[in-house]
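All remarks here apply to the structure that follows.
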Amino acid sequence: MNFQFYVEKLKESDDFKKFTKENKEAFPCSCFFLIDKEEAKDKQHFDYFIKSSNKMFSFQLENNAELTPVDVKDQKVPVKISLEHDFDFKDIEKMIEKRMEEEKIDKKIQKILLSLQNVDGRDYFIGTVFITQFGLINLTIDIEKMEMKDFKKRTFFDMMNILGKDK
């Protein structure tokens, strides 16, 4: 699917229209995408922040753009992201598969989690790819240049060791 397809789906929803009418200062601060290669239970969430009230809300497109409050606690103020990007998620998946091939990772992709965020004035996908045999790939993709900036393969057991060291 194309990113703009989801943006249009969001903008056409009644909850979004009502929300933006009542919260003119709200801005998009992140998007979350789950591409489920095994069970086809994809998810798409668009998060909006209201600075004056320090509140964040998420529109869950897989639930007809249902509006859900997000607990922000003492986080720093989110940065606005652009919704003007034009890319297809199949291209992102191909980019990941190509890099896996280059790194000689012969596992199968199970799920791709991507979070669109603004870091240092640029929009990036910060993601985790779950692969067979308890593998994980952490990655960063520069959306404007459509290039991989970071790619690290890990195992689930590596993550357990990291978490275990904190105790």
Self-check item: strands (runs of 3 or more DSSP E) fully within region 26-120 counting 2 or more residues that are out of contact with any helix residue (DSSP H, G or I) (no Cβ under 8 Å at 6 or more places or on another chain) and closer than 23 Å to LYS149 by Cα
Solution: 27-36, 109-119
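Keeping to region 94-140, report how many residues are on the phi > 0 side of the Ramachandran plot, basic (Lys, Arg) and surrounded by 13 or more Cβ atoms within 10 Å (Cβ to Cβ). Steps first, please.
Going through region 94-140, the residues on the phi > 0 side of the Ramachandran plot turn out to be 104, 120-121, 133-134.
Subsequent filtering for residues that are basic (Lys, Arg) retains 104.
Add one more test, that the residue is surrounded by 13 or more Cβ atoms within 10 Å (Cβ to Cβ), and what stays is none.
Total meeting the criteria: 0.
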Quiz item: Does at least one position in region 128-144 carry a residue that is in a loop (DSSP other than H, G, I, E, B), at pLDDT 95 or above and closer than 29 Å to LYS11 by Cβ?
Solution: no
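Being more than 16 Å from TYR6 (Cα to Cα), in contact with a strand residue (DSSP E or B) (Cβ under 8 Å, 6 or more places away or on another chain), in contact (Cβ under 8 Å) with a residue 12 or more places away in the chain and among the hydrophobic types (A, V, I, L, M, F, W, C), is that true of even one residue in region 80-95? Before the answer, list the steps.
Here is the first cut: in region 80-95, the ones more than 16 Å from TYR6 (Cα to Cα) are 80, 93-95.
Keeping just the survivors that are in contact with a strand residue (DSSP E or B) (Cβ under 8 Å, 6 or more places away or on another chain) gives 80, 93, 95.
When the remaining residues are screened for being in contact (Cβ under 8 Å) with a residue 12 or more places away in the chain, the result is 80, 93, 95.
The next check asks that each one be among the hydrophobic types (A, V, I, L, M, F, W, C); those that pass are 95.
Yes: region 80-95 contains one or more residues that are more than 16 Å from TYR6 (Cα to Cα), in contact with a strand residue (DSSP E or B) (Cβ under 8 Å, 6 or more places away or on another chain), in contact (Cβ under 8 Å) with a residue 12 or more places away in the chain and among the hydrophobic types (A, V, I, L, M, F, W, C).
The values are calculated or read from the model by the stated rules, or taken from the named source; none is laboratory data. These figures come from a predicted structure and were not determined experimentally. With ideal geometry, Cβ positions are generated from the backbone for all residues, glycine too; neighbour counts draw on all protein chains shown.
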